[in-house]
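Accompanying notes for the structure given below.
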């Protein structure tokens, strides 16, 4: 007798993530784990220097501000998505899930997929570019798993 495939639904938005699995009774989802970014609601000044660095022109004594190269909040979100990908990689390597469905806003979905190892990516059966983090688990659409094994 073969065992039923373990399906995980990963919802993420760059600041929060939830991993869900279909409920045993087939109605709704059970929460496997939840993540929150420690930097999610911190002001930019708490993430790093918000004062641009300075440079001095060689011809005179004028100093000019250099525009920051990175949006610190965007970098924080990318880092968080990398942490979620690492968690999924570890869980996949331990065979805690057989099938993955990823749901996140487009930029987060791309970062999440880019952070996954090839072995974990092979388990991704469906993706959806949508932010559902604020939707209560009990109100999530039933069709999120698409054609994923149940």
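The values are calculated or read from the model by the stated rules, or taken from the named source; none is laboratory data. Everything numeric in this text was worked out from a predicted model, so none of it was measured. In this analysis, Cβ positions are derived from the backbone assuming ideal geometry, glycine residues included, and neighbour counts consider all displayed protein chains.
Among helices (runs of 4 or more DSSP H) entirely within the range 15-125, having at least 1 residues that are at pLDDT below 80 singles out 44-47, 72-93.
Of all residues assigned to the range 97-109, none qualifies as being over 17 Å from residue 16 (Cβ atoms) and free of Cβ contacts under 8 Å to residues at least 60 places away in the same chain.
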